[in-house]
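Here the structure comes first, spelled out in structure tokens, and everything after it is commentary.
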Amino acid sequence: MARSMPQPTLSLDLPAKLSGALWRGIKGQCPRCGQARLFGKYLKPVAQCPSCQQDWTLHQADDFPPYVSIILTGHLIAPMLIVIGGSAALTMGAKIALAMVLAGALMLALLQPAKGAIIALQWWMGMHGFRPAGRDEAAAPPLPATEAL
Ligand SMILES: [Zn+2]
């Protein structure tokens, strides 16, 4: 199936900085245009943005999103574990069960935002076939056809 070319950048609201692209990815929006969903399923990005036609099959996030999610979960869950561990009202079994459920839920909740941010980072940096890189598009959008002549 032939894919249509990405939409010209002049009509797009390209992110000005990496932080803007990352924030769009974290929110699950297309990092390039911000007008459509990045994910078709929980962790499966759409093949092509329906708004700007960016090809998202080029990403290679691989195992990095789970690493990021686990690291963030570890830092966020630590204060909760201290509170749970200090509770005299809970049995040891209840404390362990509560900690496991909290850690699992937090890790799963952070997984999609982490993957969105990593896809946005790869697009911004021009990694894995994302050409032109998002930073290049944002820095120097092509001239309209009438001005280019
Ligand atoms: Zn888009």
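Each reported figure results from applying straightforward, stated rules to the coordinates on display, with no laboratory input. Being a predicted model, the structure only gives us computed values, none of them experimental. Note: ideal-geometry Cβ built from the backbone for every residue, glycine included; neighbour counts use all protein chains shown.
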Residue list for segment 9-28, filter: surrounded by fewer than 16 Cβ atoms within 10 Å (Cβ to Cβ) and among the hydrophobic types (A, V, I, L, M, F, W, C): 10, 16
Tally of residues being outside any loop (DSSP other than H, G, I, E, B), under 13 Å from residue 118 (Cα atoms) and not hydrophobic (A, V, I, L, M, F, W, C) across segment 22-57: 4
For residue 68: the one exception among (1) assigned to a loop (DSSP other than H, G, I, E, B); (2) away from the ligand (no atom under 11 Å from the Cβ): (1)
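Kindly evaluate residue 73 against the criterion of being within 16 Å of the ligand (Cβ to nearest atom) and polar (S, T, N, Q).
Judged against the criteria, residue 73 is not a match.
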Any chance residue 31 is over 18 Å from residue 131 (Cα atoms) and crowded, with 16+ Cβ neighbours inside 10 Å: no
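Condition test on residue 60, is it polar (S, T, N, Q) and within 11 Å of the ligand (Cβ to nearest atom)?
no
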Segment 35-56, subset surrounded by 15 or more Cβ atoms within 10 Å (Cβ to Cβ) and of a type in the set (Gly, Ala, Ser), residue farthest from residue 23 (Cα to Cα): 51
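From 40, 25, grab the single residue that is farther than 30 Å from residue 140 by Cβ and within 16 Å of the ligand (Cβ to nearest atom).
Criteria check complete, one pass: 40.
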